[in-house]
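Undergrad: One structure is given below, represented as structure tokens, and several questions about it will come after.
The values are calculated or read from the model by the stated rules, or taken from the named source; none is laboratory data. Owing to the predicted nature of the structure, the values given are computational and were not obtained by experimental measurement. Virtual Cβ from ideal backbone geometry, glycine too; neighbours counted across all protein chains shown. What goes into the accessible areas is simple: the full protein's heavy atoms, side chains included, and nothing from ligands, DNA or RNA. Shrake-Rupley method; radii C 1.70, N 1.55, O 1.52, S 1.80 Å.
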Amino acid sequence: MPHLPGPDPRRAVTVAVIGCGNRGADVYARHLTRLGARVTHLVDAHRARLGQVAARHAVPPERQFTHWDAFFAQGRVADAVVIATPDDLHVQPCLLALQAGYHVLLEKPVCLTEAELDVLLAAEHASRGSVTVAHVLRTTPFFRALRDVVAGGTLGRLVGVVHAENVAYWHYVHSYVRGNWRLSPPSAPFVLAKSSHDLDILRWLAGSPPAWVMATGDTFAHRREDRPAGAADRCLDCEVRDCRADARRTYLPREPDVWPNSVVAPDGTREGLLRALRNGPYGACAFLGQSNQPDHCSLQVAFVGGVRATLTVSAFTHNNTRTLRLHFTDGEVRAHMELGELEVHHFGTGEVRRERVETGGTHGGGDAGLVTGWLAFLRGEAGVPTPLHESLDSHRMAFAAERARLSGQVQRLA
């Protein structure tokens with residue numbers, strides 16, 4: 001697949017951002033600017049948000065667009081584009097970007113149907129541009145350290161991975177009961193929306209594509225029948241004080257301009273936060289039956305190379321972190337992402353090695369790491385961070401897992 005040469009290293013890389021929400025503007029645009037790139041064009045349907053982000057990056061009105069069609073009508077006006085629109089609006093702008101020859105950083109999930117995976121692959125193959133999926137965990141010091149153990153071979157061959165994504169009870173309610181991912185469709189199924197990162201990590205550690213997937217999962221809480229006695233329709237009016245989903249406990253102790261409050265009230269003010277809790281979805285009772293997403297899922301995956309993996313994704317955890325056990329023929333690794341801890345056991349020598357890695361930054365440093373790697377690619381200093389066909393294996397596993405969850409049958413993959 002031919003690709004455009006990188007931009008002139010003597011000038012800043014220019015990037016257009018399509019979708020100015022939390023991921024597009026608050027994460028990718030900020031990191032791109034911090035690392036020396038220039039955000040030159042913005043696209044967002046919400047004019048107020050568009051103006052706010054434009055002011056942040058000094059983007060003039062003639063380079064602000066409320067729809068990507070108007071942006072692409074300008075021709076190729078930047079080196080690359082970030083696409084961070086809602087889940088169901090990723091494919092069309094990505095196809096248009098590839099037709100124009102852009103390199104694309106595409107937020108996950110990249111699409112909501114399996115057929116679209118092959119459409120994106122074909123479009124990339126026909127383009128001079130490329131697609132990098134925003135699988136940020138590969139670039140964290142934590143998962144790089146785990147990958148180094150696998151690649152080093154000192155513990156023998158990798159046999160299995162036991163991976164738990166601990167979503168945290170409040171985070172699940174924020175995103176999947178009150179937030180944009182509470183209904184599938186139009187948003188992605190829970191395991192795809194929340195765990196394509198984790199499935200990508202399993203594929204990366206296994207070093208081969210998936211062969212089959214089995215999954216179970218259901219909705220155990222936040223249903224109408226679970227509603228506490230006497231609960232009000234809005235948390236600010238509620239007299240129930242020991243509710244795990246009380247929006248007051250989730251949002252009010254945090255500063256108004258940091259995540260997740262920055263999603264609830266993008267203006268970053270205390271007044272805006274209270275107004276949003278009074279009138280918007282994030283202040284509504286979590287037991288109104290407005291979500292159809294499962295809250296506890298377990299997957300089994302067999303990879304072509306023989307590695308077996310399990311992934312449990314649960315809303316019913318205190319911490320928002322990931323924990324893993326990696327089983328080798330000659331050893332075991334136990335790891336905790338939030339703490340940045342790796343414990344490496346060698347069966348033959350009896351050696352136990354403990355290692356700590358850096359965990360600072362959003363997604364354990366993965367957001368900054370991904371943007372750094374993508375910029376190096378755009379500057380011609382490195383290859384594409386992850387080939388698209390490999391990134392899409394995480395989505396194939398997720399779609400298969402959802403079919404398996406609903407049918408109770410093993411799903412075999414090509």
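Undergrad: In this structure, does residue 97 turn out to be among the small types (Gly, Ala, Ser), modelled with pLDDT of 95 or more and buried (at least 24 other Cβ atoms within 10 Å of the Cβ)?
TA: Here the answer is yes, as residue 97 does meet what is asked.
Undergrad: When both residues are 6+ apart or on different chains and their Cβ atoms are under 7 Å apart, which pairs have a first residue that lies in the stretch 325-336 and is without any contact (Cβ under 8 Å) to a residue 60 or more places away in the chain, and a second that is open to solvent by 70 Å² or more (accessible area, probe 1.4 Å)?
TA: 334/325
Undergrad: Now, a different point. Show the residue pairs meeting these rules: Cβ distance below 8 Å; 6+ apart or different chains; first residue within the stretch 49-61 and over 17 Å from residue 23 (Cα atoms) and in contact (Cβ under 8 Å) with a residue 12 or more places away in the chain; second residue aliphatic (A, V, I, L, M) and crowded, with 16+ Cβ neighbours inside 10 Å.
TA: Listed by first residue and then by second, the contacts come to 59/39; 59/42; 59/53.
Undergrad: Now for a different question. Considering (1) closer than 20 Å to residue 19 by Cα; (2) modelled with pLDDT of 95 or more; (3) not aromatic (Phe, Trp, Tyr), say which one residue 185 fails and leave the rest.
TA: Condition not satisfied by residue 185: (2).
Undergrad: Do we have residue 287 as assigned to a loop (DSSP other than H, G, I, E, B), among the aromatic types (Phe, Trp, Tyr), at pLDDT 95 or above and open to solvent by 30 Å² or more (accessible area, probe 1.4 Å) here?
TA: No, not satisfied.
Undergrad: Of 185, 209, which residue is farther than 19 Å from residue 137 by Cβ, open to solvent by 20 Å² or more (accessible area, probe 1.4 Å) and in contact (Cβ under 8 Å) with a residue 40 or more places away in the chain?
TA: 185
Undergrad: Kindly evaluate residue 298 against the criterion of being crowded, with 16+ Cβ neighbours inside 10 Å, within 23 Å of the chain's Cα centre (by Cα) and under 30 Å from residue 162 (Cβ atoms). Before the answer, list the steps.
TA: On the way: crowded, with 16+ Cβ neighbours inside 10 Å: yes; within 23 Å of the chain's Cα centre (by Cα): yes; under 30 Å from residue 162 (Cβ atoms): yes.
It is true that residue 298 is crowded, with 16+ Cβ neighbours inside 10 Å, within 23 Å of the chain's Cα centre (by Cα) and under 30 Å from residue 162 (Cβ atoms).
Undergrad: Let me ask something additional. Could you check, for the stretch 268-290, whether at least one of its residues is under 30 Å from residue 49 (Cα atoms), of a type in the set (Ser, Thr, Tyr) and touching a Ser or Thr at 6+ places or on another chain (Cβ under 9 Å)?
TA: Within the stretch 268-290, one or more residues are under 30 Å from residue 49 (Cα atoms), of a type in the set (Ser, Thr, Tyr) and touching a Ser or Thr at 6+ places or on another chain (Cβ under 9 Å).
Undergrad: Separate question: If you go through the stretch 374-414, how many residues are open to solvent by less than 40 Å² (accessible area, probe 1.4 Å), within 24 Å of residue 210 (Cβ to Cβ) and not acidic (Asp, Glu)?
TA: Number of matching residues: 14.
Undergrad: Right, here's the next one. Residues that are open to solvent by 10 Å² or more (accessible area, probe 1.4 Å), at pLDDT 95 or above and in a loop (DSSP other than H, G, I, E, B): does the stretch 158-171 have at least one?
TA: no
Undergrad: Among the candidates 276, 247, which residue alone is of a type in the set (A, V, I, L, M), under 30 Å from residue 405 (Cβ atoms) and either open to solvent by 20 Å² or more (accessible area, probe 1.4 Å) or touching a helix residue (DSSP H, G or I) at 6+ places or on another chain (Cβ under 6 Å) (or both)? Steps first, answer last, please.
TA: Numbers: 276 fails: under 30 Å from residue 405 (Cβ atoms).
Selected residue: 247, the only one of 276, 247 that is of a type in the set (A, V, I, L, M), under 30 Å from residue 405 (Cβ atoms) and either open to solvent by 20 Å² or more (accessible area, probe 1.4 Å) or touching a helix residue (DSSP H, G or I) at 6+ places or on another chain (Cβ under 6 Å) (or both).
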